[in-house]
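Below: the structure, in structure tokens.
The values are calculated or read from the model by the stated rules, or taken from the named source; none is laboratory data. Fair warning: this is a prediction, and the values are worked out from it, not measured in the lab. FYI the Cβ positions are ideal-geometry reconstructions off the backbone, even for glycines, and counts take in every protein chain you see. In case anyone asks, the SASA skips ligands and DNA or RNA and just uses the protein heavy atoms, side chains included. Shrake-Rupley method; radii C 1.70, N 1.55, O 1.52, S 1.80 Å.
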Amino acid sequence: MIAENFNYDAPTSLEEAIALLHQYGDDAKILAGGHSLIPMMKLRFASPTHLIDINNIPGLSYVKEEDGYLKIGAMTKEVEVEESEIIHAKYQIFMDATKLIADPQVRNFGTLGGNLAHGDAANDHPAVMIALGAEVEITSKDGKRTVGIDDFFHGFYTTAVEHGEVLTEIRIPAASGNYGSAYHKAERKVGDYATAGVAAMIQIDDQGRCTKAGIGLTNVSPLPFRAKRSEAVLVGSDLSEAVIAQAAQYAAEDCSPSEDLRGNVEYKRHLVGVITKRMLNKAISRAKK
Amino acid sequence: MTKKITLKINGAEHTMEVEPRMLLVHAIRENASLTGTHIGCDTSSCGACTILIDGKSAKSCTILAVQAQGKEIATVEGLATAEGLHPIQEGFHLNHALHCGFCTPGMMMRAIELLEKNPNPTEEEIRWGISGNLCRCTGYNNIVTAIQWTSAKMQGKELPSTEPKFV
Amino acid sequence: MIKCKTSKAIGGMGHSKKRKEDARFIQGKGNYVDDVKLPGMLYMDIVRSPYAYAKIKNIDATAALAIPGVVAVVTGKDLEKYGLHWMPTLMSDTQMVLPTDTVMYQAQEVAAVIATSRYLARDGKEAVMVDYEPMDPVMDPFKALDEDAPVLRSDQEGKTDNHIWHWEVGDKEKTADVFNNADVVVKQQMHIPRIHVASIETCGCVASYDKVDNHLTMYMTTQAPHAIRTVIALVAGHVGLTEEKIRVISPDIGGGFGGKVPVYPGYVIAIAVSFLTGAPIKWIEDRSENLQADSFARDYHITAEMAGTKDGKIQATRFKVLADHGYTDASANPSKFPTGLFSIGTGSYDYGAAYMEADAVYTNKPPGGVAYRCSFRVTEAVHAIERMTDMFAKKVGKDPAQLRMENFIKKEDFPWASPTGWSYDSGDYHAGLQKAMDAIGYHDLRKEQIEMRAQGKFLGIGISTFTEVVGAGPSQDFDILGIKMFDSAEIRVHPTGKAIARFGTKSQGQGHETTYAQIIAEELGIPMEHIQIEEGDTDTAPYGLGTYASRSTPTAGAAAAMAARKLRDKAKKIAAHLLEVSEQDLEWEPGKFFVKGAPEKAKTIQEIVFAAYTNHPEGMEGGFEATHYYDPPNLTFPSGAYICVVEVDAETCDIKVRRFVAIDDCGNIINPMIVQGQVHGGLTQGIAPAMYEELIYDKAGNILNGTFMDYLVPTAVESPSWETGHTVTPAPHHPIGAKGVGESPTVGAPPAIVNAIVDAVAHLGIKHLEIPVTPFKLFKELQKVGYFKKAT
Ligand SMILES: Cc1cc2nc3c(=O)[nH]c(=O)nc-3n(C[C@H](O)[C@H](O)[C@H](O)COP(=O)(O)OP(=O)(O)OC[C@H]3O[C@@H](n4cnc5c(N)ncnc54)[C@H](O)[C@@H]3O)c2cc1C
Ligand code: FES
Ligand code: FES
């Protein structure tokens, strides 16, 4: 499988990259880790005439806590997230998720920015970011703007990132108090895209009441999905078994999966229910630690 | 539309004119004539093309040759030195971790990074660690054993027996 | 422990010698077909049909030819001029090389683009415009037999339906009689799905025709180079490519498993183009092309029945098969066996009545019917018998292990005449199953299963005790295109006592360079390190039918032993001459002849060989060489007892293999390490169809999972840690008592796994599950029995 021909540039600054995007117009694409884009180009599902490789731009790769946020640079690779100490200590959801994304070689290259910017509900980070209530920083020639994750995904392969813009940072409200998060997806074999995936984040006060909840679902809706009814039933509750069961049921009911080789609608809803329950329990037990 | 690039493969420089779309695996196999790195799929799924780029295992079928400009590339051909085989090569041979040998270069390159990051992996960690590499012949048992053996060897520990074990 | 007759230094049979071939593979010095690079070589890519069934109205190559570097676009019409647009299949059906008017399956070859590079050939392929008129395809093999189904093979004169052949074996009346009078009958419809061998190396070739010498060198991924040479000569002899002008070289092969037995259109097009242009042509498939167009395996719809007494004695089986062959029967079976060795399906059990029949049909799917690391359709048969045995045990309320023990053919009853006509050579089925049960702790597991069920957890234990049939085969019955299925070995020992031996088989990972050397070392006492093995070059190797169906050891391995014995006879004569005694006074121990009662008076094999070149007895031919063509008197019947333990997640339906014990009996073992390696690999290719792999088509004929993204080859995570062992019952008729093992695990594992999964959920009312048993499929079945609620 071989891509159509294209021109290639590897700018060393963001300004230069943005200028090139403007210069080449709609047929130019950003090359980040390349592990979604190059496979699509090889299959000739995508045929950009210009690739702007942003790997040589310094300063886009980091995981740090700052100003009440966990900040992840757009070019941070999966492997760097996997190996980050802050992530190990406080954001185990990323440990759960990265382990299930593709395989070690792909994770050596795939970036978090690319995983979101690709705009595919089958990718795992969108749901994780929904659960964590992330916002995304987008840079253009006019400066930077911030988009909440709920406004980020617009359609199949389309996001809030417009032509001439670069996703530069992902910001997640920092973990505080009794905070726990977890992710799991059912997959046909390791490295597969999700049959159904659930990301959960829970914050609990000292009385055991849930103060904050986030649930994002992978690959069971046309767009990455926030399970709002589930979150609503959790927040303010004592997180009893019945509440969790209710949240799980809402998630199963509210998503809108479609039938494919991975399963039919009923099976996927069923999995969403089971995994939501399990991930909530896991997030809660992590929060209580 | 071609670009002139220099790839540093196993320490040697290879200068070539390539189209930007040229995949790194083709540049290595065809332009640099190092055919130990293989191609087993067209969807980045099999790992037969795995090499190291600046020490990181990479699927060279999913990377453009132009992206590798200036990076240190290691392929199977560079593993053995004048002193002899690399421990992973010895490990694969002594533990019968290859049959047809087609997945073997990619599998070994992947295992090298795995052991570099985790010198003492559990069986579970090894299995997940090579999950991006398909082998159709061996059933993976002996690949796992070979990586365990290599782990012991690289740490100077007592070497496990390489005789087959039966129930 | 395996007893060895030779020292470790000689390294004959029974030694776990490390492999000789490894050195090049671990250093990246293997030479696979895509590594072959010839001066002036052009690259070929193939335009493929997006439709499963369509008329080709027009092929416009203008845009493709306008691309600088695209040299030619070849269509069926071009090949027709040379009579090369059709070719015979190994089953004497016919297959298009390139179509002239109709395409018969999605991804079928439509045109070939030749260019100066791989990249330009691909650009050219994208630029070829083909105008199709799609037609409604026939995808369902049952509907293919409907009266109003379109006749797909209208190219065959007088063809009025899609039926290919009917086959039957056994005593129909007697079997019906037993069924009519039996206490208990169990019946199950099952599908053994279409799957793909998916060796990690795809198929390909470099065809290099030299116009000056009128000589073709064909580097290709073939498991049977000699047979291919003959086939090329049969197809292209009329244009001057006669057999002596053809050299087929099968270089290192990155896995075969049966998928590299057939002749694919790409090979023939490459030859034709090289013949016409005089340039070497390289054609290497993509993985997607490999999965979508190369020969499939299996696709048998089986109605299986078993009859017996209420106290658990099996009395008869009856199998009815519908075989979906795609648009042509391109199976790789021996000619007289359209269903391969499916008739082994009476299994390891002692009963007298069986009847099996099969009908094959054409559909708009890719052609094939090759093995998938399996000896000619044995997997399908074993799946049916082992599933039925479990169902029967369940029905009569017996433990499946106990029922098997009670029905096994007894060790002392061999050779055993099966109701479908086989003479099983040997076996000890009781010992095998007992060993497997002890190793896994069978009875404790049954107790644990009860305890887990009480907690709502599902544990299943599944058994498969199968009999394989390999080593085709005896020449009175076995041939491919008329060529008898014997195999060959040629041994030449050099004056200094080092040897080279050549074979008509071709390793694709089985380790022949090591095991054949061990067989010769066993017979001649020359250290195996000093014996070089060569295969795969038709110019140098003796004729043989290749490596598949676990036949190499039973046939070529035997030939090696027989050729070596000819040399040992010669050695004895020379030793007698050197020691000045008569032959009767000599005794052999590995590596030397010595005088009886005077062991110090001895001549080593090396001294003897040297004498064969320097000082051979008068009247004797000089040199030290022998060739043997081995025609086996019978097939060999390896067997195995496999037990699988699975855990099923009661909510998600995830299935995890907790343990798997495989006890194989492949007769005498040449190299325990290699045998074990073969078993490991075969087991992973057993779990694959049992739980992951299936080629899926929609009604319009589109393949839905034609890439490695969706065709789910197990990784090291899906593949459990296999536990293996063996019992040894030598094949009585085989020179070294060996039986062949490469495929036993692929054959035996799927029913053990499925039996285990069914067992895990049997208490919920599940009686049978179709393979591959995925969590999704299990969920649907558990909905049917009311365990999961159905949405209203
Ligand atoms: C075999 C395989 C299995 C996989 N399995 C999974 C899986 O299970 N789960 C999963 O989530 N993913 C999976 N992936 C996808 C992988 O994680 C990708 O790496 C990821 O989706 C994209 O990241 P990237 O950095 O490689 O982006 P690229 O491929 O470089 O880019 C993807 C798209 O995003 C755009 N883009 C990238 N970065 C930016 C940016 N900073 N600003 C604006 N636009 C940008 C690009 O222009 C392109 O359109 C798999 C990939 C492979 C090859
Ligand atoms: S060739 Fe399969 S992953 Fe690169
Ligand atoms: S050894 Fe053949 S694919 Fe791994």
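Structure values in brief
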| quantity | calculated |
| --- | --- |
| Residue in the range B:114-124 that is within 14 Å of ligand 3 (Cβ to nearest atom) and either more than 14 Å from the chain's Cα centre (by Cα) or within 14 Å of chain A (Cβ to nearest Cβ) (or both) present | no |
| Filter result for C:Val741 (aliphatic (A, V, I, L, M), modelled with pLDDT under 95, open to solvent by 10 Å² or more (accessible area, probe 1.4 Å) and in the same structural domain as C:Asp399 (by TED's automatic domain parsing)) | yes |
| Residue within the range C:650-657 that is open to solvent by 20 Å² or more (accessible area, probe 1.4 Å), under 29 Å from B:Leu98 (Cβ atoms) and within 14 Å of chain B (Cβ to nearest Cβ) present | yes |
| Contacts under 6 angstrom Cβ, first residue in the range A:109-121 being under 13 Å from A:His154 (Cβ atoms) and modelled with pLDDT of 95 or more, partner within 16 Å of ligand 2 (Cβ to nearest atom) and outside any helix (DSSP H, G or I), 6 or more apart | A:His118/A:Ser36 |
| Number of the exception - C:Leu291 against (1) touching a residue at least 60 places away in the same chain (Cβ under 8 Å); (2) away from ligand 1 (no atom under 16 Å from the Cβ) | (2) |
| B:Gln155 vs. criteria more than 16 Å from ligand 1 (Cβ to nearest atom), open to solvent by 10 Å² or more (accessible area, probe 1.4 Å), more than 20 Å from C:Gln678 (Cα to Cα) and within 18 Å of the chain's Cα centre (by Cα) | no |
| Filter result (out of contact with any His (no Cβ under 9 Å at 6 or more places or on another chain) and charged (D, E, K, R)) within the range C:177-209 | C:Asp177, C:Asp183, C:Lys187, C:Arg194 |
| A:Ile18 being in a helix (DSSP H, G or I), at negative phi and within 14 Å of chain B (Cβ to nearest Cβ) | no |
| Selected residue (only one of C:Gly706, C:Gly701 is within 14 Å of chain B (Cβ to nearest Cβ), open to solvent by less than 30 Å² (accessible area, probe 1.4 Å) and modelled with pLDDT of 95 or more) | C:Gly706 |
| Verdict on B:Gly70 being at pLDDT below 95, more than 7 Å from chain C (Cβ to nearest Cβ) and more than 16 Å from ligand 3 (Cβ to nearest atom) | yes |
| Residue match in the range B:127-139 (condition: surrounded by fewer than 24 Cβ atoms within 10 Å (Cβ to Cβ), more than 14 Å from chain A (Cβ to nearest Cβ) and under 25 Å from C:Arg287 (Cα atoms)) | no |
| Listing of helices (runs of 4 or more DSSP H) fully contained in the range C:1-87 that carry 3 or more residues being touching a residue at least 40 places away in the same chain (Cβ under 8 Å), surrounded by fewer than 20 Cβ atoms within 10 Å (Cβ to Cβ) and touching a Pro at 6+ places or on another chain (Cβ under 7 Å) | none |
| Residue in the range B:90-98 that is over 26 Å from A:Lys42 (Cα atoms), in contact with a Gly (Cβ under 6 Å, 6 or more places away or on another chain), in a loop (DSSP other than H, G, I, E, B) and not polar (S, T, N, Q) present | yes |
| Single condition C:Arg298 does not satisfy, out of (1) at positive phi; (2) more than 21 Å from the chain's Cα centre (by Cα); (3) open to solvent by less than 10 Å² (accessible area, probe 1.4 Å) | (2) |
| Enumeration of residues in the range A:26-76 that are near ligand 1 (Cβ under 7 Å from one of its atoms), more than 20 Å from A:Thr139 (Cα to Cα) and more than 9 Å from chain B (Cβ to nearest Cβ) | A:Ser36, A:Leu37 |
